[in-house]
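Step one of this worksheet: look at the structure below.
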Amino acid sequence: MDKEVLINRLAGNDKGIVLLTMNRPKAMNAFGRRLVSDFLEAIEEIKNDHIANSRVVIINSALERAFCTGADLKERKEMKTAQEICEFVDKLRSILTGLEALPQPVIASIDGYAMGGGCELSLAADLRVAGCNAQFALTETKLAIIPGAGGTQRLPRLIGIPYAKEMIMTGKIVNATEAYRIGLVNAKTDDGVHSSMELALNYARQMLETGPLALRAAKQAINRGMQEREMTPAFQIEREEYLVTIQSKDKDRALQAFKESTKEHKVKPVYEGD
């Protein structure tokens, strides 16, 4: 049986970029039991990748019309008890927290519908880019529930409380232009360009130019520091992550390359993640 979440490790100049692709066309990538199981397995595999071989993760869809349409309501109707539903949503939450906790930066390449849990999935990424046809919504209140996989917490932290309340309390659909305006996505394609993959690859390729340890330390410093209410412990977190990089061999490689560079010839360091 084919996997509903595929891992594709790019090669050549793009070595270090890992694509995590959802492929459940019959249900527009709705979160069913199998998609959830495949997703959790994929995250576990990528988490254990060697730092030099897995530098940046791009999560995307194999479908043009949908990134992810949230929970599979047909399967949800088969769940008879609140406990059964909560256990399933707990697994969805595990996907998002697992994705968010990956040491690699994660870029969400969003084309088409990102509805409910699909919108929540995009929020767990570090960066988001959107095709011109992307549409975002947290529609749960229209089903008499609320977002249960982190949407009520991640969204206001990303775009601010007023916009988050507007999206969640009205269930409104936000198009790519509006998503860019309110800071829900980092970038969007031009009108008529449905695929955001080139935007995602552009960010990922820029990240390949950086030191892999520094990339991971930067993510940790920001994510951990933002959990602190006061600046003093946040600065201590930054110091801890800075020490990781300053003691690395990659830092020495960067300095050596700088030393060997001239105006006519710039030497690029070859980072190994140590």
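For the condition modelled with pLDDT of 95 or more and open to solvent by 20 Å² or more (accessible area, probe 1.4 Å), what is the one hit in Ile85, Ile17, Ile7?
When all the criteria are applied, what remains is Ile7.
Output the qualifying pairs, or none if there are none: Cβ atoms under 7 angstrom, residues six or more apart or on different chains, first residue in segment 248-259 and more than 14 Å from Ala214 (Cα to Cα) and free of Cβ contacts under 8 Å to residues at least 40 places away in the same chain, second residue crowded, with 17+ Cβ neighbours inside 10 Å and not hydrophobic (A, V, I, L, M, F, W, C).
Ala257/Pro269
How many residues are open to solvent by less than 30 Å² (accessible area, probe 1.4 Å) and closer than 23 Å to Glu198 by Cα if we restrict to segment 25-38?
Residues in segment 25-38 being open to solvent by less than 30 Å² (accessible area, probe 1.4 Å) and closer than 23 Å to Glu198 by Cα: 1 in total.
Please find, within segment 183-205, the residue that is most open to solvent (accessible area, probe 1.4 Å) out of those that are part of a helix (DSSP H, G or I) and out of contact with any helix residue (DSSP H, G or I) (no Cβ under 8 Å at 6 or more places or on another chain). Please lay out each step first, then the result.
The first filter runs over segment 183-205 and keeps only residues part of a helix (DSSP H, G or I), leaving 197-205.
So of that shortlist, the ones also out of contact with any helix residue (DSSP H, G or I) (no Cβ under 8 Å at 6 or more places or on another chain) come out as 197-200, 202-203.
Numbers: Met197: 35, Glu198: 118, Leu199: 47, Ala200: 0, Asn202: 82, Tyr203: 64 Å².
Checking each candidate, the answer is Glu198.
Pick from Ala62, Ala71: which is at pLDDT 95 or above, small (Gly, Ala, Ser) and open to solvent by 20 Å² or more (accessible area, probe 1.4 Å)?
Exactly one of Ala62, Ala71 is at pLDDT 95 or above, small (Gly, Ala, Ser) and open to solvent by 20 Å² or more (accessible area, probe 1.4 Å), namely Ala62.
Please tell me if Met22 is crowded, with 23+ Cβ neighbours inside 10 Å and not β-branched (Val, Ile, Thr).
Yes, satisfied.
Could you tell me whether Ala234 is open to solvent by less than 40 Å² (accessible area, probe 1.4 Å) and assigned to a helix (DSSP H, G or I)?
The answer is yes for Ala234.
Go through segment 55-108 and give me each residue that's over 30 Å from Gly16 (Cβ atoms) and of a type in the set (A, V, I, L, M, F, W, C). Even if it seems obvious, please write down each step before you answer.
From segment 55-108, those over 30 Å from Gly16 (Cβ atoms) are 69-90; that's our starting set.
Scanning segment 55-108 gives Ala71, Leu73, Met79, Ala82, Ile85, Cys86, Phe88, Val89.
The values are calculated or read from the model by the stated rules, or taken from the named source; none is laboratory data. Just so it is clear, the structure is predicted and the values come from calculations on it, not from any experiment. Quick reminder, even Gly has a Cβ in these numbers, built from the backbone with ideal geometry, and neighbours come from all protein chains shown. Protein only, heavy atoms only, side chains kept; ligands, DNA and RNA dropped before computing areas. Shrake-Rupley method; radii C 1.70, N 1.55, O 1.52, S 1.80 Å.
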